[in-house]
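The structure appears right after this line, and notes come after that.
Each value in this text was obtained by applying a stated rule to the coordinates, not by laboratory testing. Every value quoted in this text rests on a predicted model; they were computed, and no experiment measured them. As a convention, Cβ positions derive from the backbone with ideal geometry for all residues, glycine included, and neighbour counts pool all protein chains shown.
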Amino acid sequence: MQKTILIPIDFRVASLNTLKFALESSTGEPHKVILIYAEFLDDSITELLFYRPESKIASKITPEFKNAMEVLRNRFEYQIADLEIKLFHNRSRRGLRRFVENHQVDAIYIPKTYRLKMPKKAFDLVTIIRQTFSDFQEIDWPQDLGNASEKDHLQYLFNQ
Amino acid sequence: MKTQTKIAVSLVVFNIGLLLLFGIGIYFFLNEYSYVDFYKRLETRATIGAKYNLKIDSANAEAFKKVREQHLEKLEAEKEHIIKISPEVSLEQQASTYHLPLSLLQDLLKDGRARYQEGSKFYGGIKLRHNNATYLSIVSANSRFVSHHLTFLRNILLWGFLFIVVVTVYLSIYFSKHFFDPIREMIDKVKQISTESIHLRLKEPENNNEISELASTFNDLLNRIETAFETQKNFISNASHELATPLTAIMGEADVALIKERKPEEYQNVLHNVLTQAERLNQITKSLLFLAQTGYKGKKIVFEILRTDELIWEVKELIDRLNPDNKILVDLSLLPEDPKKLKINGNRQLLHLALANILNNACKYSHNKPVSVHIGASQEQVLLFIKDQGIGIPESELPFIYDPFFRASNTRLFEGYGIGLPLARNIIKLHNGTLLVTSKANSGTSVQINFPLAKLIK
């Protein structure tokens, strides 16, 4: 049976490790993956009028991140039946709960030690998920703290 | 002809051509229209005139006259003629009595309607029958429109045309000169740059137009040329040093041996040393030759479809034989499920050489600490990562690592000539791949190699 899983990301390659390890530990059934990115809505009226999530998401995807997603899709060709990125704007527990219900999410995976690096206009969903749900699953992976640079690099996905 | 003059001339010619066409068109069509219109007016007057002069509609004849006098504007030099055609009087006589052109009367008799022009005087008429007699009703008048308005229009058009020609010529010359100013400036600047002053750069204008793009392209080119210059200089000094060292050793050994008579063992020893140095020299020249061959694209190299993971295993086996202490770990956790995504177009020997060089370096400069090799694939590329925990490369020296014979400052304790990495990069370039080295001194080096996926027919 297909499972829907929800994973918060920050459009950096490293945050995709949650997905990688979540799928590695799964039993191999197909998944519908929803990557979620949380940011505040603009309050300018023109921005709201011409609001299009597709173009917003497209502007955030770096070539490195795109490559990393492709690598994962190739690696888990059978397990990732569908992969989509969603924007989330409601910084409330109820909003998040409703999102989870609407998308019929079966499981939520969050990183245990990795901190999402959110810019000023965005907010960290991991803490809200921790506060809202009790049945989320935490994923941890070895992080190269000494070599952590500000630059996003594809090698952060290849880290075993 | 200079581009500048070309632009000016073609602008002027096109503009004047279009303008001429426009002016002549206006004049011609208005002229045609005004004639047609004026003849129609004359004919209407001739019809009405005939009606009241001949009292065709006797009840309304007076009314017609009134209407005509009250509502139809009197034309300039308007004259009405009603001519009764009778067999006794010839047309020529009629024409001379009424001072009318003969051809008009002939046409009228023949067709029933006729038009005639004599200078600015226009004639229009109709033929009609009344009480068993044939009449010709003719009205003649001067067309004020043709004589005054059209001439006025022609003058306006002519003067306007002249004015615009002058303006166009001036503007074309001005703009063609002005547009090329930055280019001329750039030419002057580029002329100043020679091999001695290759560090000079062009000024890039702030606004983002073609000129600034050209300037930045020039600057990029100069940057590359400068780097190539530097590389060349480095290469020559490094190469001569590398080649001179074994040669000096050989000469020194031979010199010392020849000072006096020696025992056969001593000669053997000297010859052995000479042989070692000569072998080293041979090694260097061979690898130089190989480097030159891979850098030169004229030679045909046979490509075949290869699986990247197989390549890695083969290279690992090779290194296991040469250096049994190595700890190369191949990570397959991101290996794509579809093996097609691992296939690349390449030459097996060359790729072996490149990968062996890189893996060997990783093992060598990390004192056989674990080296991890990761394989993954995106939609278009196979990605290889080779990470070691070795001595790394100082950040300031990273730009030079692809220069032949260059060796980082912290590699004095390791053997090598500095040809392996440039060679690997040349080979990867031959395969349209990219090689990316990131490193930090004392914490390790990570090499990323991307190869484009082979396009397989499905």
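Assorted remarks:
- In a simple Cβ point-charge model (Lys, Arg +1; Asp, Glu -1; nothing else charged), chain B has a dipole of about 1620 debye relative to its Cα centre.
- Loop sites in region A:1-61: chymotrypsin sites (Phe, Trp or Tyr not before Pro), DSSP, at most 11 other Cβ within 10 Å: A:Phe50
- Treating r as the C-beta distance of B:Arg412 and B:Lys233 and R0 as 25 Å, the FRET efficiency rounds to 0.65.
- Using alpha-carbon coordinates, inclination of helix B:151-179 to the longest axis of chain B, degrees: 10
- For chain B: relative contact order, % (alpha-carbon pairs under 8 angstrom, 6 or more apart): 11
- FRET efficiency, A:Tyr51 to B:Leu162 (Cβ-Cβ, R0 51 Å, nearest 0.05): 0.30
- Relative contact order for chain A, counting Cα pairs under 8 Å that sit 6 or more residues apart, in percent: 36
- Over all orientations, region B:304-452 has a Cα convex hull whose mean projected area works out to 8.3 square nanometres.
- Rounded to the nearest 20 debye, the dipole size of chain A about its Cα centre is 360 debye, using +1 on the Cβ of Lys and Arg and -1 on the Cβ of Asp and Glu.
- Remark: mean inter-chain Cβ contacts per residue of A:5-18 equal 0, using a 10 Å Cβ-Cβ cutoff to other protein chain atoms.
- Largest-first principal axis extents of the Cα set of chain B (Å): 158, 57, 38
- Förster-model FRET efficiency, 51 Å R0, A:Ser25 and B:Leu247, C-beta, rounded to 0.05: 0.25
- Theoretical gain in end-to-end length, B:Asp37 to B:Thr217 [0.36 nm per residue, Cα-Cα removed]: 58.3 nm
- For region B:286-387, the Kirkwood estimate of the hydrodynamic radius, built from every pair of different alpha carbons, is 14.8 Å.
- Counted residue by residue at 0.36 nm each, then reduced by the alpha carbon distance between them, the extension gain from B:Gln106 to B:Val9 reaches 29.4 nm.
- One decimal place: the segment A:Leu87-A:Arg130 gains 13.6 nm when fully extended, by the rule 0.36 nm per residue minus the C-alpha distance.
- Sites listed here are GluC sites (Glu not before Pro) in region B:35-99 whose DSSP assignment is loop and whose Cβ has at most 13 other Cβ atoms within 10 Å: B:Glu73, B:Glu88.
- Using θ = phi - 60° and Karplus 6.51 cos²θ - 1.76 cosθ + 1.60, couplings along region B:275-284 (whole Hz; Gly, Pro as x): 4, 4, 5, 5, 4, 4, 4, 4, 4, 5
- Sorting B:227-235, B:401-409 by their mean Cβ neighbour count within 10 Å, with the most densely packed peptide first, gives B:401-409, B:227-235.
- Geometric descriptor of the protein assembly as shown, per residue, is 382 Å³ (volume of the convex hull of the Cα atoms).
- Put simply, when B:10-19, A:72-81 are sorted by average Cβ atoms within 10 angstrom per residue, most first, you get A:72-81, B:10-19.
- The angle between the Cα long axis of helix B:61-71 and the longest principal axis of the Cα atoms of chain B comes to about 40 degrees, rounded to the nearest 10.
- Partner aspartates and glutamates for A:Lys56 [C-alpha distance under 16 Å; skip if fewer than 8 residues away on the same chain]: A:Asp10, A:Glu39, A:Asp42, A:Asp43, A:Glu47, A:Glu84
- Loop-resident sites, region B:412-444, for trypsin sites (Lys or Arg not before Pro), counting at most 12 other Cβ within 10 Å (DSSP): B:Arg412
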